[in-house]
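**Student:** Once you've had a glance at the structure underneath, I'll fire off some questions.
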């Protein structure tokens, strides 16, 4: 693993790295490729809800740690029944005093759902920017720089990582899941007047002040969290951007958890939070 906390290490996205790229390729090419400067003093809070992810958890955390951005990993175990809790305790001990990749763990005494775990994470963030990261391997943490860019450049307060914008690879899986996601996004857009392509995406990025304002209002404990927070973001007129992300979806045999009941709940939440706060 690269030791990005060492000032002698050449860190991608740093001012020195960007100036080297610009000198070699020119500013126009850098902008086209999405190269920019991520401030050295920025702290990214990565909120990771965990429920029965012992098979992927360690690999996911290592991938997050490899991202060359100063961050804290806030891992919230939602009362897993496998060995996820033990893995989390090991990871926290192994993290030690690494200030570049600070690891903090929280444990629910009863299973409440992804929304509740995210809410616990939001209540404990310390970074200037906050991103949600699932504990499986469906989303690639190396795409953080692209997701952070609209916020760092002060063009957005919230960024959604869309699986459906079309210029990133994604695993081909369930057609009716795709139809359901597109329908829920369309219905959400009717109520919020946003033109999102992927309301249900895991990758949602927020300025810290957005999290501080929204967290006390959040109510949904399960996957209804997605339409709820989208409606609350829209009602407060935060600046929203979308950027494409890759997606390596799981089958149910591989651990996928969302089901048709969650789709029904999402429909209710779209209408409920679309009509009033």
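**Student:** Going through segment 203-213 one residue at a time, which ones are more than 12 Å from residue 158 (Cα to Cα) and touching a residue at least 12 places away in the same chain (Cβ under 8 Å)?
**Tutor:** Keep residues of segment 203-213 that are more than 12 Å from residue 158 (Cα to Cα), which gives 212-213.
The one that is more than 12 Å from residue 158 (Cα to Cα) and touching a residue at least 12 places away in the same chain (Cβ under 8 Å): 213.
**Student:** If only one of 61, 69 is assigned to a loop (DSSP other than H, G, I, E, B) and modelled with pLDDT of 95 or more, which one is it? Steps first, please.
**Tutor:** Working: 61 fails: assigned to a loop (DSSP other than H, G, I, E, B).
Among 61, 69, only 69 is assigned to a loop (DSSP other than H, G, I, E, B) and modelled with pLDDT of 95 or more.
**Student:** Further question: Out of segment 91-115, which residues are touching a helix residue (DSSP H, G or I) at 6+ places or on another chain (Cβ under 9 Å), closer than 16 Å to residue 73 by Cα and not in a loop (DSSP other than H, G, I, E, B)?
**Tutor:** If the condition is that a residue be touching a helix residue (DSSP H, G or I) at 6+ places or on another chain (Cβ under 9 Å), closer than 16 Å to residue 73 by Cα and not in a loop (DSSP other than H, G, I, E, B), then 91, 95, 101, 102, 103, 104, 105, 106, 107 are the ones that fit.
**Student:** Also, I was wondering about something else. Find all pairs meeting these conditions: Cβ atoms under 9 angstrom apart; at least six residues apart or on different chains; first residue within segment 74-90 and at positive phi and in contact (Cβ under 8 Å) with a residue 12 or more places away in the chain; second residue surrounded by fewer than 24 Cβ atoms within 10 Å (Cβ to Cβ) and part of a helix (DSSP H, G or I).
**Tutor:** 79/85
**Student:** I'd like the full set of residues that are surrounded by fewer than 22 Cβ atoms within 10 Å (Cβ to Cβ) and within 22 Å of residue 165 (Cβ to Cβ), limited to segment 211-230.
**Tutor:** 223
**Student:** Please determine whether any residue of segment 3-11 is loosely packed, with under 13 Cβ neighbours inside 10 Å, at pLDDT below 95, in contact with a helix residue (DSSP H, G or I) (Cβ under 9 Å, 6 or more places away or on another chain) and more than 30 Å from residue 222 (Cα to Cα).
**Tutor:** Yes, that holds for at least one residue.
**Student:** Do you know which residues across segment 233-246 are assigned to a loop (DSSP other than H, G, I, E, B) and farther than 19 Å from residue 276 by Cα? Show your work before the answer.
**Tutor:** Taking segment 233-246 and keeping what is assigned to a loop (DSSP other than H, G, I, E, B), we get 236-239, 245-246.
Those that are assigned to a loop (DSSP other than H, G, I, E, B) and farther than 19 Å from residue 276 by Cα: 239, 245, 246.
The values are calculated or read from the model by the stated rules, or taken from the named source; none is laboratory data. Quick caveat, the model's predicted, so the values are computed rather than measured. Reconstructed Cβ throughout: ideal geometry from the backbone, glycine too, with neighbour counts over all protein chains shown.
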